[in-house]
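S.K.: Have a look at the structure that comes next, please.
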Amino acid sequence: MSTISARRGFFRNAMNALIEARQREANRYVSGVLLRLDDETLKAHGYDRKELEKTAGSFDI
């Protein structure tokens with residue numbers, strides 16, 4: 001593997017890791033906001049409170 005190819009792989013992997021981390025952060029945030037809604041509203045929109053609680057983790061708004 002050439003140096004340029006190795007460097008491109010390093011930066012690509014770093015960028016992918018950054019994107020995945022930001023996506024997980026966004027998912028935790030959205031889940032936390034959705035948990036503020038009542039159970040009837042969540043159910044009407046296809047969400048399950050227990051699943052949202054798993055996704056939200058310990059993220060506080």
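What follows is calculated from the coordinates using simple rules that are stated; it is not laboratory data. Predicted model only: the values in this text are computed from it and were never measured. Backbone-built Cβ (ideal geometry, glycine too); neighbour counts: all protein chains shown.
S.K.: Inside segment 30-54, can you point out the residues that are surrounded by 15 or more Cβ atoms within 10 Å (Cβ to Cβ) and under 12 Å from the mean Cα position of the chain (by Cα)?
M.R.: S31, G32, L52
S.K.: Kindly provide the set of residues from segment 22-35 that are under 17 Å from K54 (Cα atoms) and not polar (S, T, N, Q), ordered by number.
M.R.: The initial filter retains those residues of segment 22-35 that are under 17 Å from K54 (Cα atoms), namely 23-35.
Hits for segment 22-35 are R24, E25, A26, R28, Y29, V30, G32, V33, L34, L35.
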